[in-house]
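Read through the structure below, which is laid out as structure tokens, and then see the notes.
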Amino acid sequence: MSIVTKILYDKNKKRATGVEVLDAETNKTYQYKAKIVFLNASTLNSTWVLLNSATDIWPDGLGSSSGALGHYLMDHHLGSGAGGRSEGYDDMYTYGRRPTGIYVPRFRNLGNEKEITYADMAIREEQAEEEAQPLLKK
């Protein structure tokens, strides 16, 4: 199993040229070049990869010219939702396309660290889930 650790960026071509991966079994890194690079690693892991892809052109993470990378994250989960009942509304429309079921990860920036490790991201995700548990039980 391998984990993508960063996107390779060529400042002369002004585009992504591949990825760097970490082999989870041998702990060795490899680089793979490609004409097109897709990043489909979910909200949290895509953000982690972009932050780890910082260069002298993109010091706050690949593509982060506004400084918003890592902030204002929203994840979508299939099949999750929220609901409730209130008396007196039984005769009204109560099904269909209602936007419920959100998951908002909570992060805190630690010091002036630029690089976030995969383990840090996993720990932060676990902490956010633990903090959400009391809210889910109400």
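Return yes or no: is Tyr89 exposed (fewer than 15 other Cβ atoms within 10 Å of the Cβ), of a type in the set (Phe, Trp, Tyr) and out of contact with any helix residue (DSSP H, G or I) (no Cβ under 7 Å at 6 or more places or on another chain)? In short, yes.
Considering the conditions (1) of a type outside the set (Lys, Arg); (2) touching a residue at least 24 places away in the same chain (Cβ under 8 Å); (3) surrounded by 12 or more Cβ atoms within 10 Å (Cβ to Cβ), Val21 is excluded by exactly one of them, (2).
Every number in this text was worked out from the coordinates using simple rules, so none of it is lab data. All values reported here derive from a predicted model rather than from experimental measurement. Ideal geometry is used to build each Cβ from the backbone, glycine not excepted, and the neighbour counts take in all protein chains shown.
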